[in-house]
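Reviewing the structure listed below.
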Amino acid sequence: MLFRSLFLAIACFSIYILLSRLVHVQRPFIGVMRATGYTKKQILSHYLSFALIIGILGAVFGAVAGYGLSYLITSAYAGTIGIPMTSIKTYWLVVFEGVSLSMIFCAFAGIMPAFHSTRIDPAKAMRGEMLEQTFHRPLLERVFPPLSRVPLFLKLPFRNMFRNRRRTVFTILGLVFSTMLVLAFLGSLDTVKNTMNRAFNANNRFDMVAVFLGGRDAATIGKIKRIPGVEDVEPNVSYGVKIRWDGDSADTVMMGLLPDTQLRKFYTPDHQEVKVEDRHVLLNNWYHSKKGLQVGQTVTVSTTWRKRKFIVGQFIEEAMGNVIYLPRDEARSEERRVGKECR
């Protein structure tokens, strides 16, 4: 949402600055049009239609090109990291916002300079810039008189900032937006780096996950421990579930772990370590901040064969995913239930 608004705002201000400047430099032509009998309404209609044509063409081609580029970039990204299935969705609200803002700012940028030019006497408008402007010392020079005695090479740029206040404001806004973009992307890089570090160094302490379908845990664990280079092995159980509470629900993955697991660490938002407990479920803080779940509340964990109630334990903070965690014995009771149901 933030990046979408930021990019749209930058695009709108860029459109306004470029198009308004284009119309502004045509002030002599507006003066000629006024002198030859064109009415203000005709002149405004001409520049409004000129701006709207640019806005409509740019919006349409931008929307089409944006969709095509999103498809290519998404496909390339998914192919690079090996995502097996991708879904590309068009967000029509964003397209509508972009098209609407494009036409609004184009119309505003086209009609405002033309409106100011039509109010000027045709003879003066044909000169271009107004030559009879009266000089007034900037407010800062009146408040701080020593500023008027600075060297000329500093005084002229300073006064030039106040000669066209609108241009100065838009220039400052352009620099602000540019700095925001740079800092936002630097912040994104730091966020990704911190997320990866927390996910693979703080929360998950293992180096490899081996998935087995069936078999005896003790025999399998013994074989893996005898592999050269293996320092520790911990079994776990994992499968898809649906969690329900107070009329709301979410599809997620349940993972059963040893209560004293050393290969996974769980931390609360206050950076306190917590463990899985009997009859309790550990949930990501997302369930608390976005869904309103509270510690001690009862939730129902459902599979295709069984439903069980658990007490919500301390909320944990994980960088990726909304996996829920139970003691392994609780999860294996569900697994044994599967075996009975299948026979």
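Between a residue in segment 37-66 that is basic (Lys, Arg) and any residue that is surrounded by 12 or more Cβ atoms within 10 Å (Cβ to Cβ), which pairs come within a Cβ distance under 7 Å, given they are 6 or more apart or on different chains?
Within 7 Å, the pairs are 40/118.
In contact with a strand residue (DSSP E or B) (Cβ under 7 Å, 6 or more places away or on another chain), open to solvent by less than 40 Å² (accessible area, probe 1.4 Å) and in a loop (DSSP other than H, G, I, E, B): is that true of residue 233 in this structure?
Working: in contact with a strand residue (DSSP E or B) (Cβ under 7 Å, 6 or more places away or on another chain): no; open to solvent by less than 40 Å² (accessible area, probe 1.4 Å): yes; in a loop (DSSP other than H, G, I, E, B): yes.
Spelling it out, it is not the case that residue 233 is in contact with a strand residue (DSSP E or B) (Cβ under 7 Å, 6 or more places away or on another chain), open to solvent by less than 40 Å² (accessible area, probe 1.4 Å) and in a loop (DSSP other than H, G, I, E, B).
Looking only at helices (runs of 4 or more DSSP H) that fall completely inside segment 74-163, which ones have 1 or more residues that are surrounded by 11 or more Cβ atoms within 10 Å (Cβ to Cβ) and at pLDDT 80 or above?
On the way: elements: 92-118, 122-125, 139-143, 152-163.
Qualifying helices (runs of 4 or more DSSP H): 92-118.
Filter segment 272-295 down to residues that are of a type in the set (S, T, N, Q), closer than 24 Å to residue 260 by Cα and open to solvent by less than 90 Å² (accessible area, probe 1.4 Å), then give me how many there are. Don't jump to the end; show me each part of the working.
Within segment 272-295, the first condition is being of a type in the set (S, T, N, Q), and the residues that meet it are 272, 284-285, 289, 294.
In the following step, the residues that additionally are closer than 24 Å to residue 260 by Cα were identified as 272, 284-285.
Filter once more, so that each one left must be open to solvent by less than 90 Å² (accessible area, probe 1.4 Å): 284-285.
So the count comes out to 2.
Do we find a residue being under 30 Å from the mean Cα position of the chain (by Cα), outside any loop (DSSP other than H, G, I, E, B) and among the charged types (D, E, K, R) anywhere in segment 281-294? So that I can check it myself, show each step before the final result.
Quick first cut of segment 281-294, residues under 30 Å from the mean Cα position of the chain (by Cα) only: 282-294.
With the extra rule that they be outside any loop (DSSP other than H, G, I, E, B), the set shrinks to 282, 284-289.
Still in the list and also among the charged types (D, E, K, R): none.
Within segment 281-294, none of the residues are under 30 Å from the mean Cα position of the chain (by Cα), outside any loop (DSSP other than H, G, I, E, B) and among the charged types (D, E, K, R).
Filter segment 251-271 down to residues that are more than 14 Å from residue 303 (Cβ to Cβ) and in a strand (DSSP E or B) and give me whichever is most open to solvent (accessible area, probe 1.4 Å).
Looking only at segment 251-271, we keep the residues that are more than 14 Å from residue 303 (Cβ to Cβ), and these are 257-271.
So of that shortlist, the ones also in a strand (DSSP E or B) come out as 257, 264, 266-267.
Details: 257: 7, 264: 32, 266: 6, 267: 68 Å².
Looking at the filtered set, the residue picked out is 267.
Kindly indicate whether residue 59 is under 13 Å from residue 106 (Cα atoms) and among the small types (Gly, Ala, Ser).
Values: under 13 Å from residue 106 (Cα atoms): yes; among the small types (Gly, Ala, Ser): yes.
It is true that residue 59 is under 13 Å from residue 106 (Cα atoms) and among the small types (Gly, Ala, Ser).
Restricting to segment 296-312, name every residue that is closer than 13 Å to residue 245 by Cα and either open to solvent by 80 Å² or more (accessible area, probe 1.4 Å) or part of a strand (DSSP E or B) (or both). Give the steps one after another, and end with the answer.
Here is the first cut: in segment 296-312, the ones closer than 13 Å to residue 245 by Cα are 296-302, 307-312.
298, 299, 300, 301, 302, 307, 308, 309, 310, 311, 312, listed by residue number.
Take the residues in segment 14-48 that are surrounded by fewer than 18 Cβ atoms within 10 Å (Cβ to Cβ) and among the small types (Gly, Ala, Ser), then tell me which one is farthest from residue 175 (Cα to Cα).
Within segment 14-48, the match that is farthest from residue 175 (Cα to Cα) is 37.
Output the number of residues of segment 164-195 satisfying the condition of being touching a residue at least 24 places away in the same chain (Cβ under 8 Å) and either outside any helix (DSSP H, G or I) or of a type in the set (Lys, Arg) (or both).
The number of residues fulfilling the criteria is 0.
Tally up the residues in segment 49-62 that are closer than 27 Å to residue 177 by Cβ, among the small types (Gly, Ala, Ser) and open to solvent by 40 Å² or more (accessible area, probe 1.4 Å), please. Working first, answer last.
Let us first name the residues in segment 49-62 that are closer than 27 Å to residue 177 by Cβ, namely 50-62.
This time we only want the ones that are among the small types (Gly, Ala, Ser), so: 51, 55, 58-59, 62.
Now restrict to residues that are open to solvent by 40 Å² or more (accessible area, probe 1.4 Å): 58, 62.
Looking only at that region, the number is 2.
Which residue pairs have Cβ atoms closer than 7 Å, lie 6 or more positions apart in sequence or on different chains, and pair a first residue in segment 84-109 that is touching a residue at least 40 places away in the same chain (Cβ under 8 Å) and at positive phi with a second residue that is among the small types (Gly, Ala, Ser) and surrounded by 13 or more Cβ atoms within 10 Å (Cβ to Cβ)?
If the second residue must be among the small types (Gly, Ala, Ser) and surrounded by 13 or more Cβ atoms within 10 Å (Cβ to Cβ), no pairs are left.
The values are calculated or read from the model by the stated rules, or taken from the named source; none is laboratory data. Keep in mind the model is a prediction, meaning the values are calculated, not measured. Positions of Cβ are generated from backbone atoms using ideal geometry, with glycine treated the same way; all protein chains shown enter the neighbour counts. Surface areas here come from the heavy atoms of the whole protein model, side chains and all, with no ligands, DNA or RNA. Shrake-Rupley method; radii C 1.70, N 1.55, O 1.52, S 1.80 Å.
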